[in-house]
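The values are calculated or read from the model by the stated rules, or taken from the named source; none is laboratory data. Note that this is a predicted model, so its numbers are computed, not measured. Every residue, glycine as well, gets a Cβ built from its backbone with ideal geometry; the counts of neighbours run over all protein chains shown.
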Amino acid sequence: MNYYFAPMDGITDFLYRQIVWRHFPYADKLYAPFIQPNEKPVIVPKEYKETCPENNKGIPTVPQILTRDAEGFIRLGEILEDMGYDEINLNLGCPAKLIVAKGKGSGMLSDLYYLEEFLDIIFTHSWKAKITVKTRLGLTDNSEFAELLKVYSKFPIYELTIHPRFKSDYYSGTPRLDEFSKLSSMISDGKCFGLHNTSICYNGDINASDDRDRVVDEFPFISSVMCGRGALANPALFRELKGGQKLTKDEFISFHNDVYDTYKETVAKERYFLHRMQEMWTFWNQYFKFDQELVTTLRRVSNIAEYLEAINNLIDTIPD
């Protein structure tokens with residue numbers, strides 16, 4: 001079983017990935033937040049920082065492209081190949097309204113004819129890298145997933161990561177495992193025969209070993225598991241999934257201090273830095289489940305001195 005750290009735009013940037021890898025180098029792959037192609041064969045400076053080899057040295061990073069322009073995907077993909085990447089991921093799962101409104105991410109799933117044409121163009125290209133795809137079940141209709149799988153089965157997708165929610169679900173509710181189960185039955189019935197050669201990665205609400213076990217036991221064809229919010233909440237999650245020890249208090253303090261020091265040096269304005277740290281505590285709170293009054297105090301801090309006092313009170317409640 002392989003374990004992947006999912007990308008989250010605005011959170012899992014290259015600095016955060018470097019910090020995670022220093023403290024908890026257990027994920028088999030770390031997917032970078034999506035980048036988008038330009039009309040010219042270049043990567044803009046902000047996105048170049050995310051993908052350049054020097055910022056990902058020693059880290060098993062996979063770049064992700066978000067676009068509905070097949071030729072743009074090829075232009076950007078060739079640049080990433082030249083950087084040395086041997087896998088390029090296509091984002092067909094992002095449910096953000098602004099992305100979907102432009103027909104990108106999960107918005108691409110609204111027109112399966114266009115999606116098939118898009119995939120036909122990019123897979124006609126001669127690639128050195130493996131092309132992988134991250135998808136949702138569809139937009140809203142329960143009948144969409146079966147039709148979507150028929151499209152995917154026509155192409156040599158190296159690995160298909162499926163987040164078993166519709167676009168309309170966003171991240172709410174529980175994963176629709178009843179829909180996800182259609183994959184195994186359709187392959188068995190020969191309706192998606194092409195997916196026999198495609199590895200299947202599961203993504204959705206894996207926060208502990210028990211979550212992984214339930215999904216893998218029910219769907220033994222899964223070869224990989226991708227974790228996003230769960231891995232942000234518990235930076236030692238991948239170690240635990242591989243049979244290692246749980247996160248310790250001392251490890252968390254060291255990890256927090258590295259996050260704190262790194263972003264304090266790189267985020268110019270204090271209020272932006274505080275917002276960044278408060279956002280991280282939102283995830284960490286999902287793991288530690290701190291007292292709500294202490295969390296509320298942290299959310300209201302307006303300067304670094306108040307922040308340090310608030311987080312010291314939180315850390316004191318973590319058992320040794």
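Give the stretch 92-109 a look and list any residue that's part of a helix (DSSP H, G or I) and more than 26 Å from Cys52 (Cα to Cα), or say none. Talk me through it step by step, then tell me what you get.
Filtering the stretch 92-109 for residues part of a helix (DSSP H, G or I) gives 97-101, 105-109.
Those that are part of a helix (DSSP H, G or I) and more than 26 Å from Cys52 (Cα to Cα): Lys97, Leu98, Val100, Ala101, Ser106, Gly107, Met108, Leu109.
Among the conditions (1) surrounded by 19 or more Cβ atoms within 10 Å (Cβ to Cβ); (2) modelled with pLDDT under 95, Asn38 misses just one, which is (1). Look at (1) modelled with pLDDT of 95 or more; (2) among the charged types (D, E, K, R); (3) more than 14 Å from Ile79 (Cα to Cα) and you find that Lys46 fails only one, number (1).
Asn89 satisfies every condition listed in (1) outside any helix (DSSP H, G or I); (2) more than 19 Å from the chain's Cα centre (by Cα) except (2). Report yes if some residue within the stretch 301-312 is outside the structural domain of Gly93 (by TED's automatic domain parsing) and among the hydroxyl-bearing types (Ser, Thr, Tyr); otherwise report no. So far as the stretch 301-312 goes, yes, one or more of its residues are outside the structural domain of Gly93 (by TED's automatic domain parsing) and among the hydroxyl-bearing types (Ser, Thr, Tyr).
For the stretch 41-67, give me each residue that is surrounded by 14 or more Cβ atoms within 10 Å (Cβ to Cβ) and not in a helix (DSSP H, G or I).
If we filter the stretch 41-67 for residues that are surrounded by 14 or more Cβ atoms within 10 Å (Cβ to Cβ), which is where we start, we get 43, 47-52, 55-56, 59-67.
Within the stretch 41-67, Ile43, Cys52, Asn56, Ile59, Pro60, Thr61, Val62, Pro63, Gln64, Ile65, Leu66, Thr67 meet the criteria.
Remark: pairs (first residue in the stretch 209-226, not assigned by TED's automatic domain parsing to the domain that holds Glu179; second residue not aliphatic (A, V, I, L, M); Cβ separation under 9 Å; 6+ apart in sequence or on different chains) are absent. Pairing each residue of the stretch 96-125 that is not assigned by TED's automatic domain parsing to the domain that holds His163 with any residue that is in a helix (DSSP H, G or I) and among the hydroxyl-bearing types (Ser, Thr, Tyr), provided the two are 6+ apart or on different chains, yields no C-beta distance under 9 Å.
Screening Trp21 on (1) surrounded by 18 or more Cβ atoms within 10 Å (Cβ to Cβ); (2) in contact with a helix residue (DSSP H, G or I) (Cβ under 8 Å, 6 or more places away or on another chain) shows it passes everything except condition (2). Would you check if there is a residue in the stretch 6-14 being more than 19 Å from Ala96 (Cβ to Cβ), buried (at least 17 other Cβ atoms within 10 Å of the Cβ), assigned by TED's automatic domain parsing to the domain that holds Met108 and not hydroxyl-bearing (Ser, Thr, Tyr)? Checked against the condition, which is being more than 19 Å from Ala96 (Cβ to Cβ), buried (at least 17 other Cβ atoms within 10 Å of the Cβ), assigned by TED's automatic domain parsing to the domain that holds Met108 and not hydroxyl-bearing (Ser, Thr, Tyr), the stretch 6-14 yields at least one hit. Within the stretch 237-255, not a single residue is exposed (fewer than 13 other Cβ atoms within 10 Å of the Cβ) and closer than 15 Å to Asn303 by Cα.
Quick check: is even one residue across the stretch 14-21 among the β-branched types (Val, Ile, Thr), assigned to a helix (DSSP H, G or I) and farther than 17 Å from Met226 by Cα? The answer is yes, given that some residue of the stretch 14-21 is among the β-branched types (Val, Ile, Thr), assigned to a helix (DSSP H, G or I) and farther than 17 Å from Met226 by Cα.
Based on this model, can you work out whether Phe255 counts as under 26 Å from Tyr4 (Cβ atoms) and of a type in the set (A, V, I, L, M, F, W, C)?
Numbers: under 26 Å from Tyr4 (Cβ atoms): yes; of a type in the set (A, V, I, L, M, F, W, C): yes.
It is true that Phe255 is under 26 Å from Tyr4 (Cβ atoms) and of a type in the set (A, V, I, L, M, F, W, C).
Results for (1) loosely packed, with under 14 Cβ neighbours inside 10 Å; (2) touching a residue at least 12 places away in the same chain (Cβ under 8 Å); (3) touching a Phe, Trp or Tyr at 6+ places or on another chain (Cβ under 8 Å), shown as yes or no for each residue.
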| residue | (1), (2), (3) |
| --- | --- |
| Lys130 | no, yes, yes |
| Val133 | no, yes, yes |
| Thr140 | yes, yes, yes |
| Leu149 | no, yes, no |
| Lys154 | no, yes, no |
| His163 | no, yes, no |
| Gly173 | yes, no, no |
| Phe180 | no, yes, yes |
